[in-house]
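A.B. asks: Submitted below is the structure of interest, expressed as structure tokens.
Any read-out appearing in this document is the output of simple, stated calculations on the displayed coordinates, not a laboratory observation. These numbers come from a predicted model, not from an experiment. FYI the Cβ positions are ideal-geometry reconstructions off the backbone, even for glycines, and counts take in every protein chain you see.
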Amino acid sequence: MSSDIAIKVEQLGKCYRVYRKAYQRLLQLAFNGRKKFYRESWAIRHASFELKKGETLGVIGKNGSGKSTLLQMIAGTLAQTEGDISAHGRVTALLELGSGFNPEFSGRDNVYINALIYGVGKKEIAEKFSEIEQFADIGEYIDQPVKFYSSGMIMRLAFSVSVFLTPDILVIDEALAVGDAAFQFKCLNRLLTLSEQGCSILFVSHDMNLIKNFCDRALYIRKGHAPQLGATDEMVERYLLEMRETQQSASSGAQATGRKKETLPGGRMVYGNHEGRIVSARFVDQGEGLAVYAHGAPITLRLAAAFLPQVRQPSLSITIQDRKLIVLGGYNFPLQAEPAQPDMFSASIDVRFAAKLAGGRYYISLKLFDGLDESIARLIEKQVACLEFEIYNANKKFLGMIDFGMEEISEADVSQHLCIKAMGSGE
């Protein structure tokens, strides 16, 4: 295995035996494999990937797709049915909440026990204990039995043990979902520090913004399919498309007409079905390609779409995204359909917004829907980051990414506003 590889997984799979009746287990033993009384259920199969040293790999997929099973096999708490796992370095895992903690022992005792399980000597544990205690921030409960802890307190202590024992490889399964916002922020900062120090991180999360922000690559697992490894934004888009299709099926029973995935010139991704397409998208004043605007300048888009007559309520969603394709805002516009061909309708729209954003590069993604409410509308096509623009000379007085135009007003302005409001209400 190459010296820059932390974990190498080859054709990994886990199969469970499913029996219809309990007595069939005894029959299976009696026949000693000469006859099968069970059916095979593969939790995950044909998983192959490499995790580089210092890399953070996100694992995404629907519930039941095999994410936790994969992490348990890598952590060594579950034996695989087939395939090989090669790990270079100490693997520290934070899987089921508080797994390995004895509820009758104190938090302090559990820290030492868990550290010893990871192969850490007592001397190193003693040196790190004050940092672990301070990071967990559970106060006097550190010397109380764990059975009196809340789920959040257990997670705090378990996470603290995992990240302060200098792991080479850290495996995390949805551990951050339990903590409060302040602790999650502290955890992410610690994970970033570990990554910078060369720790390889493999973790499961359903928070796609976290995956986009934190992961170098993503592993997308679908039930019954070999996991797909690729760029974070592409894997997240595939996952979100699957989630939307599931949501549509649950809300309306409608099924997408076919499936398509394309990569258009420039490398932008296109997903959807064959009921329509976004024909063109450009900046009115700067055309195609990268556009550049001063802070606060108006940006005008010209968009066009074509779709089949069966699309009853065509609409176009426009979202502004940052470099990691995290959505900053957007709007959904209904379209006025016009006959274009005997079997096709078309629509076009011009949209304007002010570039009140921090300096930097931004992307525009477009979605063509059948329906006006995006949460239940049927997705026809999505073009990811099909337009890009940069903002310069940003007003440094505002905080964050978006300038809301906040300004200080006088007491006279407040009084005038209240007076106008009172008059309008007839008081």
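A.B. asks: Ranked highest first by the average count of other Cβ atoms within 10 Å around their residues, in what order do 381-391, 77-87 fall? Write down the numbers at each step before the final one.
C.D. replies: Values: 381-391: 20.2, 77-87: 15.0.
The densest-packed peptide leads the list: 381-391, 77-87.
A.B. asks: Another question about this same structure. What distance in nm lies between label points placed 7 Å from Cα along the C-beta direction at residue 109 and residue 86?
C.D. replies: Computed distance between label sites residue 109 and residue 86 equals 4.2 nm.
A.B. asks: Starting from a Cα-only point model with no solvent, please compute log10 I(q)/I(0) by Debye for region 76-145 at q = 0.20 1/Å.
C.D. replies: Each listed q maps to, in turn, -0.94.
A.B. asks: Any idea which of 83, 213, 125 is furthest toward the positive side of the dipole for region 5-233, if Lys and Arg beta-carbons carry +1 and Asp and Glu beta-carbons -1?
C.D. replies: Highest projection toward the positive end goes to 83.
A.B. asks: Among the trypsin sites (Lys or Arg not before Pro) in region 1-90, which ones are in a DSSP loop with at most 14 other Cβ atoms within 10 Å of the Cβ? Mind listing them? List each step's numbers first, then the result.
C.D. replies: Values: sites: 8, 14, 17, 20, 21, 25, 34, 35, 36, 39, 45, 52, 53, 62, 67, 90; in loops: 20, 21, 34, 35, 36, 53, 62, 90.
Sites meeting the loop and neighbour criteria: 20, 21, 34, 35, 36.
A.B. asks: Over region 256-392, calculate the relative contact order: mean separation of alpha carbon pairs under 8 Å at least 6 apart, over the residue count, as a percent.
C.D. replies: Details: 341 pairs, mean separation 42.8, N = 137.
RCO, region 256-392: 31 percent.
A.B. asks: Can you find, among 355, 379, 330, the residue farthest towards the positive end of the dipole of region 330-382? Put +1 on the C-beta of Lys and Arg, -1 on that of Asp and Glu.
C.D. replies: After comparing all options, I get 355.
A.B. asks: Now for a separate question. So what is the calculated 222 nm ellipticity per residue for the chain, using -39500 (n - 2.57) for each DSSP H run with n of 4 or more, over all residues, to the nearest 500 deg cm²/dmol?
C.D. replies: -8500 deg cm²/dmol, from helical runs alone.
A.B. asks: Which shape class applies to region 1-147: rounded if a/c is under 1.5, otherwise prolate when a/b exceeds b/c and oblate if not, where a ≥ b ≥ c are the square roots of the Cα gyration tensor eigenvalues? Intermediate values should be presented prior to the final figure.
C.D. replies: Values: a/c = 2.56, a/b = 1.53, b/c = 1.67.
Verdict is oblate for region 1-147.
A.B. asks: Can you pull the Rg over Rh of region 294-358, Cα-only, Kirkwood?
C.D. replies: 1.09
A.B. asks: With only Lys, Arg, Asp and Glu charged, each at its Cβ (+1 for the first two, -1 for the last two), find how big the charge dipole of region 5-233 is about the Cα centre; round to the nearest 20 debye.
C.D. replies: 1540 debye
A.B. asks: Here's a follow-up. Straight distance only, please: which lysines reach the Cα of residue 53 with their own Cα at less than 24 Å, same-chain residues fewer than 8 apart left out?
C.D. replies: 8, 67, 128, 186, 212, 324
A.B. asks: Could you point to the label whose value was computed as P(r) over Cα pairs in 20 Å bins from 0, in percent for the structure here, given [x] 26, 55, 19, 0; [y] 20, 43, 31, 6, 0; [z] 31, 59, 10, 0?
C.D. replies: [y]
A.B. asks: Over region 5-233, what is the relative contact order in whole percent, taking alpha-carbon pairs under 8 Å and six or more residues apart?
C.D. replies: Reported as a whole number, the value is 29 percent.
A.B. asks: While we're on this one: Under a plain spin-label model, where a point goes 7 Å from the Cα along Cα-to-Cβ, how far apart in nm are residue 280 and residue 22?
C.D. replies: 7.1 nm
A.B. asks: Another question, if that's okay. Note down the magnitude of the dipole of region 256-392 about its Cα centre, charges +1 on Lys and Arg C-beta and -1 on Asp and Glu C-beta and zero elsewhere, to the nearest 20 debye. List each step's numbers first, then the result.
C.D. replies: Details: 16 positive and 14 negative charges, 73 e Å.
For region 256-392, the charge dipole is close to 360 debye.
A.B. asks: Are there any GluC sites (Glu not before Pro) in region 103-139 that are in a DSSP loop and have at most 15 other Cβ atoms within 10 Å? List them by number. Walk me through the numbers on the way to the answer.
C.D. replies: Details: sites: 104, 124, 127, 131, 133; in loops: 104.
Sparse-neighbourhood loop GluC sites (Glu not before Pro): 104.
A.B. asks: What Kirkwood hydrodynamic radius, in Å, does region 256-392 give when the mean of 1/r is taken over all pairs of distinct Cα atoms and then inverted?
C.D. replies: Kirkwood radius, region 256-392: 15.3 Å.
A.B. asks: Another question, then. For region 313-351 and region 42-100, write down the distance between their C-alpha centroids in whole Å.
C.D. replies: So the two Cα centres are separated by 40 Å.
A.B. asks: Just want to confirm a number: the relative contact order over the chain, from Cα pairs under 8 angstrom separated by 6+ residues, in percent.
C.D. replies: After rounding, I find 13 percent.
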